Amino acid sequence: MIDTLGFHTDDLHAELADLDRRIHNLATQIDHGRFHSLEAERNAHAYHASLLGARPKLAAQVAEADADTDRLLAAIRLVGDVELGFIAYVVYGPAVLPVPPLHEVRLIERDGGYTVPGTVRRRVPADQVAAVERELLTGVVAPGGHARLWGRTIRAYRTQVTAY
């Protein structure tokens, strides 16, 4: 039920489990050492190292998503009835919950409505939203920023703030 709030923790958990399975299978293959060539062995070692390097980032994403879900679930339970609290959250938003909302701030192109890659900031407290908006808008026009790459000005972008 809580996953329908926009947190796809099942997807992240499945992705982490798949990554762990691939790491385990490669480690087993490396331990047995049955490779048809030296190149295949080196490729297996490199791929194993690559997967091991990707695991901490994915595990951090899973932990962050779980923390968000746990925070909302605890707030909904404080309302008293989980179903009614969930319905109230969906209908009225995070203002009905007894916890201060966090915000997601993203930079969007005005014409197409596309989110600029790398500009989504989650878990932003209410008192820091304006600073994050300024940071995103100044970063887009910085040298090497999205606006410079596409020949646009700062007026071609806007921020979208979503409380959760």
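The values are calculated or read from the model by the stated rules, or taken from the named source; none is laboratory data. These numbers come from a predicted model, not from an experiment. Here the Cβ is made from the backbone with ideal geometry for all residues, glycine too, and neighbour counts use every protein chain on show. We work out accessible area using only protein heavy atoms, side chains counted, and drop any ligands, DNA or RNA first. Shrake-Rupley method; radii C 1.70, N 1.55, O 1.52, S 1.80 Å.
Across the chain, the convex hull enclosing all Cα atoms gives 164 Å³ per residue.
Could you work out the relative contact order of the chain? I mean the mean sequence separation of Cα pairs under 8 Å and 6+ apart, divided by the number of residues, in percent. The partial results should precede the final answer.
Details: 160 pairs, mean separation 30.9, N = 164.
Rounded, it is 19 percent for the chain.
Run the numbers on the stretch 66-108 and let me know its relative contact order in percent, using alpha-carbon pairs under 8 Å that are six or more apart. Intermediate values should be presented prior to the final figure.
Details: 21 pairs, mean separation 12.3, N = 43.
For the stretch 66-108, the relative contact order is 29 percent.
Give a quick list of trypsin sites (Lys or Arg not before Pro) in the stretch 83-164 that DSSP marks as loop, anything other than H, G, I, E or B, with at most 12 other Cβ atoms within 10 Å. It would help to have the intermediate numbers written out before the result.
Working: sites: Arg106, Arg110, Arg121, Arg122, Arg123, Arg134, Arg148, Arg152, Arg155, Arg158; in loops: Arg110, Arg152.
Passing sites in the stretch 83-164 are Arg110.
Using only DSSP helix segments of four residues or longer, with each worth -39500 (n - 2.57), what per-residue ellipticity at 222 nm results for the chain after dividing by its residue count and rounding to 500? Theoretical 222 nm ellipticity from helices: -19500 deg cm²/dmol. The distance linking the stretch 82-145 with the stretch 15-76 is 29 Å (Cα centroid to Cα centroid, whole angstrom). The charge dipole of the chain, taken about its Cα centre with unit charges on the Cβ of Lys, Arg, Asp and Glu (plus for the first two, minus for the last two), comes to roughly 760 debye. Overall, the accessible surface of the chain at a probe of 1.4 angstrom is composed of carbon and sulfur to the extent of 56 percent.
What dipole magnitude, in Debye to the nearest 20, does the stretch 73-164 give about its Cα centre under +1 on Lys/Arg Cβ and -1 on Asp/Glu Cβ?
On the way: 11 positive and 8 negative charges, 86 e Å.
Dipole magnitude for the stretch 73-164 comes out near 420 debye.
The residues of the chain expose, per residue, 62 Å² of accessible area to a 1.4 Å probe.
Computed with every protein chain present, the accessible area of Val120 is close to 60 Å² [probe 1.4 Å].
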